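Data first, discussion second: the structure below is written as structure tokens.
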Amino acid sequence: MINKKLVLVLIMFCVASCLIMATALNVRAYKKNQELTHLDEISEKTIFTNLNFYSIVDNIKKLQLDSSQLIITDSKVLDFKSPVGLMFLKTNVFSYSAIKGEFSNLTNILKLDGNVKLSDNKGSSHLSSYLELDTKNKFFKAVGKTLSNVLSGTSQESFIVKADSLESWLDKKLYKFRGNIDTKLIRKRGYEGQIVMSSQFMELNQLKSHIFLDGGVSLKRNKYYLQATKADIFLENFNKSLKYYVLYDDIKLEEKIVLDDGTSLNRKAYSEKLEGFMKEGKVVMSGAPRVEQGDDVIKGYQITLRENVELVEVDDSQTSFEIKKDE
């Protein structure tokens, strides 16, 4: 007679044995897989010191580098110290230097960190704390108290720009500066003077010969000091000198006029819009314009002022003059 209890015990033992064996096999397979994965994650690194490195793709120069140390990971990522070299982008050739850097063949991005300097064969240059140059999309961005010297065309006049950050699209000749911007337009001819601008945002479009300023805008030219919220500045296509400019919102103008007798007169003017014409040396103010000149207050629909000229031109049938006299 079959012992049912014994049979049940044997069945349970066989099941438990199978479960233990299956678990052991799974654990072993998992460990083996982990070991293989770990081996896959190990990168091949090659270290060089004090070397000259050249990268050529399809018989075209791509990168030239002098470095105190170079680490190449999987032939894809280059890490270097004290880099000094050249980056070739068709007709543009950029020279660069920094404390350290990295270049990836996967992303075609050159990263430079610490005392960065980047300059091109057109004569423009940029200083910053950190910079990324995307060689594929021909774009670079820089951060950390950037200082740029951007040449404007063949006239060799230049913009000296200080900012917190910078973005540039090389093919479009487009620059965007952000944060605490101070700009000087340096003329080729010294007698033409300098134009000093400041704002929180600045876009310089060299192809369109146009500058846009936004946020705390100020502009100094000769004896004019102008303040506004926004500004459009148009440049001559021939020599990139200032041709025409428009200021918008909360405009304030200050000027010190020297009269024929040698005395001076302080002029202040306010409006919502101001158009400046460089060649004519005049500004046209509209949007509730008001001029305070000496002891006189002049209001009208539109007011025209000429540089260092006491005469004020007013266009409006309802012009109001308020002349203060000594009692």
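Inside the range 243-268, can you point out the residues that are assigned to a loop (DSSP other than H, G, I, E, B), of a type in the set (D, E, K, R) and in contact (Cβ under 8 Å) with a residue 40 or more places away in the chain? Give the derivation first.
Of the range 243-268, the ones assigned to a loop (DSSP other than H, G, I, E, B) are 259-263.
The next check asks that each one be of a type in the set (D, E, K, R); those that pass are 260-261.
Of everything in the range 243-268, nothing turns out to be assigned to a loop (DSSP other than H, G, I, E, B), of a type in the set (D, E, K, R) and in contact (Cβ under 8 Å) with a residue 40 or more places away in the chain.
For the range 270-306, a residue qualifies if it is at pLDDT below 85 and either under 21 Å from residue 221 (Cβ atoms) or basic (Lys, Arg) (or both), and the qualifying residues are 278, 279, 280, 281. Counting residues in the range 58-68 that are among the small types (Gly, Ala, Ser), at pLDDT 65 or above and in contact with a Lys or Arg (Cβ under 9 Å, 6 or more places away or on another chain) gives one or more. If you go through the range 211-234 and pick out every residue that is of a type outside the set (D, E, K, R), within 20 Å of residue 258 (Cα to Cα) and part of a strand (DSSP E or B), you end up with 3.
The residue that is surrounded by the fewest Cβ atoms within 10 Å (Cβ to Cβ), counting only those in the range 265-275 that are more than 33 Å from the chain's Cα centre (by Cα) and not aliphatic (A, V, I, L, M), is 266.
Considering the range 62-131, there are no qualifying strands (runs of 3 or more DSSP E) wholly inside with 3 or more residues that are open to solvent by less than 60 Å² (accessible area, probe 1.4 Å) and small (Gly, Ala, Ser).
When the range 136-146 is filtered for residues that are touching a strand residue (DSSP E or B) at 6+ places or on another chain (Cβ under 7 Å) and surrounded by fewer than 20 Cβ atoms within 10 Å (Cβ to Cβ), the ones remaining, listed by number, are 138, 139, 141, 143, 144, 145. I'd like to know if the range 248-264 contains one or more residues that are among the small types (Gly, Ala, Ser) and surrounded by 14 or more Cβ atoms within 10 Å (Cβ to Cβ). Taking every residue of the range 248-264 in turn, none turns out to be among the small types (Gly, Ala, Ser) and surrounded by 14 or more Cβ atoms within 10 Å (Cβ to Cβ). Name every residue in the range 123-154 that is more than 16 Å from residue 210 (Cα to Cα) and of a type in the set (Gly, Ala, Ser), in order of residue number. Result: 123, 124, 125, 128, 129, 142, 144, 148. The residue list 208, 252 contains one member that is of a type in the set (D, E, K, R) and over 18 Å from residue 305 (Cβ atoms), which is 208.
Residue count for the range 88-147, restricted to those that are basic (Lys, Arg) and at negative phi: 6. Taking the criterion of being modelled with pLDDT of 85 or more, open to solvent by 40 Å² or more (accessible area, probe 1.4 Å) and of a type outside the set (Phe, Trp, Tyr), the residues of the range 193-244 that qualify are 196, 200, 203, 207, 208, 214, 216, 220, 227, 229, 230.
The values are calculated or read from the model by the stated rules, or taken from the named source; none is laboratory data. From a predicted model like this one, the values you see are computed outputs, not experimental measurements. Cβ sites come from the backbone with ideal geometry, for glycine too, and all protein chains shown count toward neighbours. With ligands, DNA and RNA removed, areas are computed over all heavy atoms of the protein, side chains included. Shrake-Rupley method; radii C 1.70, N 1.55, O 1.52, S 1.80 Å.
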